[in-house]
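A short write-up of the structure that comes next.
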Amino acid sequence: MKDRLPALIALFLLIGLVLTTWWAADYAQRAVPIDAPITIRHEPDAWSGKFTMITTNEKGQAINRLTGEKLRHYPDDDSYEADKAHLIGMHPNNPRTLASANLTTLKDKGDLILLQGNAHIHRFPTEENSALDVRSEELTILPKEDIVKTDKVADVQQGNSRMKGTGMIYNNETRRLEVFNNSNVRISPDDINKANQNKGASE
């Protein structure tokens, strides 16, 4: 028994040390106030007045130019908002395109542009195609794909032809236009003849 006494004393001391350490750590956690997790809100961290932004392709050629009255940056999703903005698309070998809206939002480092409120896109005419006008309350531009689309009501006019419906996608590179759920379509005979002539010339 005498041989075991020192071992038992050491064991009790170790248990007491562990319990004392646990109590001190728990007391420190309860005594020191812990800050609540930081909530990142959708609020601008930078802004400017009138501005001009230009994006280029891999060859250093300017392909998009954006101007507007005010510009705001939001750190939570790294997006930009522009008031009364005008966008000019200048892709090589493609018709020049103008776009405008009350509010323009740039997301995904400019790979997605959202036009909201009086959204309007105008593609200038070419030798093969008439001018194209697209109007809607909301339009989405994908600059890399050179595509414009919306799931809202869109009013599309090309030459003397006009289409109105819900949902639209236009590929500026292939000049292909699709309007879904047409509610009003008026195709001009002149535009049909011009399209047939262009089709025959390409064959």
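The values are calculated or read from the model by the stated rules, or taken from the named source; none is laboratory data. Note that the structure is predicted; figures quoted are calculated from it, not measured. We place every Cβ from the backbone using ideal geometry, glycine too, and count neighbours over all the protein chains shown. Quick note on the areas: whole protein, heavy atoms, side chains included, nothing else; ligands and nucleic acids left out. Shrake-Rupley method; radii C 1.70, N 1.55, O 1.52, S 1.80 Å.
Restricting attention to the stretch 52-61, report how many residues are in contact with a strand residue (DSSP E or B) (Cβ under 8 Å, 6 or more places away or on another chain) and either open to solvent by 100 Å² or more (accessible area, probe 1.4 Å) or closer than 17 Å to K109 by Cβ (or both). Steps first, answer last, please.
Going residue by residue through the stretch 52-61, those that are in contact with a strand residue (DSSP E or B) (Cβ under 8 Å, 6 or more places away or on another chain) are 52-57.
Filter once more, so that each one left must be either open to solvent by 100 Å² or more (accessible area, probe 1.4 Å) or closer than 17 Å to K109 by Cβ (or both): 53-57.
Residues in the stretch 52-61 being in contact with a strand residue (DSSP E or B) (Cβ under 8 Å, 6 or more places away or on another chain) and either open to solvent by 100 Å² or more (accessible area, probe 1.4 Å) or closer than 17 Å to K109 by Cβ (or both): 5 in total.
Among the residues of the stretch 131-159, those that are at pLDDT below 90 and of a type in the set (D, E, K, R) comprise K144, E145, D146. Filtering the stretch 65-110 to residues that are hydrophobic (A, V, I, L, M, F, W, C) and either buried (at least 19 other Cβ atoms within 10 Å of the Cβ) or outside any strand (DSSP E or B) (or both) leaves L66, L71, A82, A85, L87, M90, A99, A101, L106. If we keep just the residues of the stretch 62-94 that are among the hydrophobic types (A, V, I, L, M, F, W, C) and touching a Leu at 6+ places or on another chain (Cβ under 9 Å), which is nearest to E43 (Cα to Cα)? If we take residues in the stretch 62-94 being among the hydrophobic types (A, V, I, L, M, F, W, C) and touching a Leu at 6+ places or on another chain (Cβ under 9 Å), then A82 is nearest to E43 (Cα to Cα). I'm checking my understanding of the structure. Among residues of the stretch 169-179 that are modelled with pLDDT under 90 and not in a loop (DSSP other than H, G, I, E, B), which one is surrounded by the fewest Cβ atoms within 10 Å (Cβ to Cβ)? Going through the qualifying residues, I end up with R176. Within the stretch 117-164, the set of residues being aliphatic (A, V, I, L, M) and not in a strand (DSSP E or B) comprises A131 only.
Pairs are defined by a Cβ separation below 8 Å, a sequence spacing of at least 6 or placement on different chains, a first member in the stretch 136-163 that is at positive phi, and a second member that is loosely packed, with under 15 Cβ neighbours inside 10 Å and polar (S, T, N, Q); the pairs so defined are G159/S188.
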